[in-house]
Amino acid sequence: MKTLGIIGGLGPMASAYLLQLIIEMTDAKTDQEHLDVILFDRPQVPDRTAHILDPAKPSPLPSMRDTAQTLERLGAGVICAPCVTSHCFYPELAASVSVPFLHMVEEAGRELLAAGKKRAGILATTGTVRTRLFQDAFARLGLEAVVPDEEGQGYVMSLIYEDIKAGRPADPAKFQAVSEKLFAQGCDSIVLGCTELSLIKKATPLGHGYLDALEVLAKRCVQACGGPLKDACQNLIT
């Protein structure tokens, strides 16, 4: 099996949760059947959304590129970044290494296609929304991506930055309000398109129709490294 390299710390809890998901999704009966993983936790990487919204602020790209190259030198045969917004810099990051670099946005789209979904609501940072990461990637796959209105996007950013990143419980009323509006617009699914939002799903049952991009990334990490995947992980959305 290939060694997995993770650009971590973007944020820290999401990186820890990705590692937990990878372990839980691997169909292993012994320690030795799990993946070798190198987690380089770098929470000091500048905020991705802050730079996207104001390019005068520090860019996260140099730190992320250095981390990816360090992981490759340490023996990683597959690399990933459990931060959706960081994929705005994906072309530069992928080109900086000679090993596969997983693209969690495209992988989420492929997971939706496999489940027969066609119109997905997107819960993500404003940086991700403005750079059209999901909209463009999904369009290439023949999927429609729907983003919240201004009020709903405000709720999403509050959940990410004022609740989860600040170490507080997520406000269920905000999450429910933005979700209900997207479903009312005809969405057949909603993508948790920020790894902080994955922690909401971890803590609270969300019901049908949600796809966690971090779960998709964990699944693809196991598969790309040649590990055994549990049968229960074949379909991540209901």
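The values are calculated or read from the model by the stated rules, or taken from the named source; none is laboratory data. Just so it is clear, the structure is predicted and the values come from calculations on it, not from any experiment. Here the Cβ positions follow ideal geometry from the backbone for every residue, glycine too, while neighbour counts run over all protein chains shown. We work out accessible area using only protein heavy atoms, side chains counted, and drop any ligands, DNA or RNA first. Shrake-Rupley method; radii C 1.70, N 1.55, O 1.52, S 1.80 Å.
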D136: passes all of (1) farther than 24 Å from A177 by Cβ; (2) in contact (Cβ under 8 Å) with a residue 24 or more places away in the chain but (2)
Within segment 179-200, residues being in a helix (DSSP H, G or I) and touching a residue at least 12 places away in the same chain (Cβ under 8 Å) number 10
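For segment 122-176, give me each residue that is small (G, A, S) and either open to solvent by 30 Å² or more (accessible area, probe 1.4 Å) or within 15 Å of the chain's Cα centre (by Cα) (or both).
Passing the criteria: A124, G127, A137, A139, G142, G154, A166, G167, A170, A173.
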Reported set for segment 182-200 where residues are closer than 18 Å to V129 by Cα, among the small types (G, A, S) and out of contact with any Gly (no Cβ under 9 Å at 6 or more places or on another chain) is G193, S198
Residue count, segment 24-40, condition in contact with a helix residue (DSSP H, G or I) (Cβ under 9 Å, 6 or more places away or on another chain), surrounded by fewer than 16 Cβ atoms within 10 Å (Cβ to Cβ) and more than 16 Å from A224 (Cβ to Cβ), comes to 1
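Please verify whether segment 158-175 includes one or more residues that are out of contact with any His (no Cβ under 9 Å at 6 or more places or on another chain), outside any helix (DSSP H, G or I) and under 22 Å from A218 (Cα atoms). So that I can check it myself, show each step before the final result.
Taking segment 158-175 first, the residues out of contact with any His (no Cβ under 9 Å at 6 or more places or on another chain) are 158-175.
With outside any helix (DSSP H, G or I) added as a condition, the list becomes 165-171.
Narrowing further to those that are under 22 Å from A218 (Cα atoms): 165.
Scanning segment 158-175 turns up at least one residue that is out of contact with any His (no Cβ under 9 Å at 6 or more places or on another chain), outside any helix (DSSP H, G or I) and under 22 Å from A218 (Cα atoms).
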Note on segment 201-217: residues at pLDDT 95 or above and either loosely packed, with under 15 Cβ neighbours inside 10 Å or assigned to a helix (DSSP H, G or I) (or both) are A213, L214, E215, V216, L217
Given (1) among the small types (G, A, S); (2) within 16 Å of V146 (Cα to Cα); (3) open to solvent by 10 Å² or more (accessible area, probe 1.4 Å), S189 misses just (3)
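This table checks each residue for (1) under 25 Å from Q223 (Cα atoms); (2) open to solvent by 40 Å² or more (accessible area, probe 1.4 Å); (3) modelled with pLDDT of 95 or more.
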| site | (1), (2), (3) |
| --- | --- |
| P58 | no, yes, yes |
| T67 | yes, no, yes |
| T70 | yes, no, yes |
| C88 | yes, no, no |
| A95 | yes, yes, yes |
| M104 | yes, no, yes |
| A120 | yes, no, yes |
Residue set I79, I38; condition at pLDDT 95 or above and either touching a Phe, Trp or Tyr at 6+ places or on another chain (Cβ under 6 Å) or closer than 27 Å to P169 by Cβ (or both); output residue I79
So the helices (runs of 4 or more DSSP H) completely within segment 1-116 holding 3 or more residues that are at negative phi and free of Cβ contacts under 8 Å to residues at least 12 places away in the same chain are 12-25, 61-73, 90-95
* To do: Using the structure shown, decide if A68 is of a type outside the set (D, E, K, R) and either within 13 Å of the chain's Cα centre (by Cα) or within 21 Å of M157 (Cβ to Cβ) (or both).
  => no
Could you check, for segment 222-235, whether at least one of its residues is open to solvent by 30 Å² or more (accessible area, probe 1.4 Å), assigned to a helix (DSSP H, G or I) and closer than 22 Å to Y90 by Cβ? yes
With criteria (1) more than 22 Å from G8 (Cα to Cα); (2) small (G, A, S); (3) under 17 Å from the mean Cα position of the chain (by Cα), G193 comes up short on (1)
